[in-house]
Amino acid sequence: MNEKIKQELLSWVKPILFALVLVFVCRYFIFTPKEVLGESMHPTYETSDKVMVSKLSTPKRFDIIIFHAPDSDEDYIKRVIGLPGDHVQMLNDQLLINGKKYNEPYLAENKKMIPAIDNLTENFDEYVPKDKIFVLGDNRRDSKDSRFFGAINSDSVVGVVELRYFPFNKISLTK
């Protein structure tokens, strides 16, 4: 192989290798794609939706996160409700955090599906320990969440959902 061909090949290989290393670093340290499994976040997310998760973001109240489930080998997707030190209550379908009432507009569609006299979410009263996060699914009647397994460890969080990229007709940034 003559020198000119070697140089030409090398001029192609270097940027390709650089791009692969960059993709690897981004994929494992900055963001990662995940697929939603289950109906616990319906209607916000459906089974088979594909989302992009930021591994660098710190979860804030009402962010949607992916975390390693404490009761299985799966990753779950849920909404952050309580942060470390919070007092979280649900009284007659009204969310109170540290005594302050919060609206949950993402529950409106699910509330329409039940009789007006019923509550979507059963009453509870929880304190979130240090280094823990209290999470709930948007589909409160079909969600295995902190009401079931308790607040999750902060270090079990994979990341914050930032983008839905599939299905294509629902591509959107997370609000």
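Every number here is computed from the coordinates shown, using simple stated rules; none is lab data. The structure displayed is predicted, hence computed values, not measured ones. Neighbour counts run over all protein chains shown; Cβ positions are idealised from the backbone, glycine included.
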List the lysines whose Cα lies under 28 Å from the Cα of LYS4, skipping any in the same chain that are fewer than 8 positions away.
LYS14
The chain, dipole about Cα centre (Lys/Arg Cβ +1, Asp/Glu Cβ -1), debye to the nearest 20
660 debye
Crossing angle, helix 3-25 versus the chain [Cα axis fit, 0-90 degrees, rounded to tens]
10 degrees
Can you tally the net charge around LYS60? Count Lys and Arg as +1, Asp and Glu as -1, for every other residue whose Cβ sits under 13 Å from the Cβ of LYS60.
0
The local net charge around GLY38, scoring Lys/Arg +1 and Asp/Glu -1 for residues other than GLY38 whose Cβ lies under 10 Å from its Cβ, equals -3
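Provide the packing ranking of 8-18, 102-112, i.e. peptides ordered by the mean count of other C-beta atoms within 10 Å per residue, highest first.
Working: 8-18: 9.7, 102-112: 13.6.
With the highest mean Cβ count within 10 Å placed first, the list reads 102-112, 8-18.
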Taking LYS101 as the anchor, which lysines have their alpha carbon closer than 23 Å to its alpha carbon, excluding any fewer than eight residues away along the same chain?
LYS60, LYS78, LYS111, LYS112, LYS130, LYS132, LYS175
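Do you know the relative contact order of the chain, to the nearest whole percent, from alpha carbon pairs under 8 angstrom that are 6+ apart? Walk me through the numbers before you get to the answer.
Working: 321 pairs, mean separation 44.2, N = 175.
Value for the chain: 25 percent.
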If you look at just the Cα atoms of the chain, how large are its Rg and its Dmax in Å?
21.0, 83
222 nm mean residue ellipticity, helices alone, for the chain (DSSP H n ≥ 4; -39,500 (n - 2.57); rounded to 500)
-5500 deg cm²/dmol
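Grab the other residues whose beta carbon is less than 9 angstrom from that of VAL158, score K and R as +1, D and E as -1, and report the net.
Numbers: positive: LYS34, LYS55; negative: ASP75.
Spelling it out: positives minus negatives among the neighbours equals +1.
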Between segment 77-132 and segment 43-73, what is the C-alpha centre distance in whole Å?
18 Å
